[in-house]
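One structure below.
The values are calculated or read from the model by the stated rules, or taken from the named source; none is laboratory data. Owing to the predicted nature of the structure, the values given are computational and were not obtained by experimental measurement. Please note: Cβ atoms are built from the backbone with ideal geometry, for glycine as well, and neighbour counts cover all protein chains shown.
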Ligand SMILES: [Zn+2]
């Protein structure tokens, strides 16, 4: 099974396959090792300058796709395997990388018909969904082919297109939730990027909207769909629901889901550690608030 969190970004996929979104041990902290290089300095490096300090375009390759809706063959940029350096993982499993933001490259869009989806989902579409999109997409849906380095603005447009298409084809709630979660992550990493700093916006309100959308749709998926859901088992999904509840201010729900995770015998060690941290945080906050 592929992830929600599907990706052309191989490291991201690996983390997801292994992590919550799939099942291995999520990394809790910034790995020790190489000193961080300021993004700004790296951007100003001419391409090809250094093996240790590659430009964003050097970290990309063109991946071939064939569109299941219109049959077009095209290429889209993807992050080279093993090149994105994981820096840290947020509570809700958003991976932060040092040298490139793979989130910018997770949506694939067909220039022939405008069909767009998260990369791991792109070619996995049912016959019913394909037929539905063929009926609804038309000549006006064609898009300019995208190649090379993407801006956050372009990436955001692609996530919005992917969510619109997921609604149009009547896709699973978990797929919509996954796209919304990635969109929230993109807004967050954009805020922390040089491009976000220059824009002067903080995107926090928009990020909250997408987090709430993801939470609502993962909750629906929990009752309507069978596991694995976006590569997550029950404990993994409950942990994500706990984290999203916490981030959107639903502290009681966060506590409920965290306690379910901690009681779940099929919970992986990585998820258990993250759930224990969240449990401690919730109780610390309760003490501070005098509850
Ligand atoms: Zn197409």
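Points to keep in mind about this one:
- Contact annotation: residue pairs with Cβ atoms under 8 Å, 6 or more positions apart or on different chains, pairing a residue in region 134-148 that is closer than 26 Å to residue 104 by Cβ and in contact (Cβ under 8 Å) with a residue 40 or more places away in the chain with a partner that is within 11 Å of the ligand (Cβ to nearest atom) and not in a loop (DSSP other than H, G, I, E, B), are 145/74; 146/109.
- 1 or more residues surrounded by fewer than 17 Cβ atoms within 10 Å (Cβ to Cβ), at pLDDT 95 or above and within 16 Å of the ligand (Cβ to nearest atom): qualifying helices (runs of 4 or more DSSP H) within region 96-205: 127-136, 152-169
- Given (1) modelled with pLDDT of 95 or more; (2) away from the ligand (no atom under 12 Å from the Cβ); (3) part of a loop (DSSP other than H, G, I, E, B), index of the condition residue 69 fails: (2)
- Check on residue 82, within 16 Å of the ligand (Cβ to nearest atom), modelled with pLDDT under 95 and not in a strand (DSSP E or B): no
- Number of positions in region 249-271 that are touching a residue at least 40 places away in the same chain (Cβ under 8 Å) and either surrounded by 21 or more Cβ atoms within 10 Å (Cβ to Cβ) or closer than 16 Å to residue 283 by Cα (or both): 2
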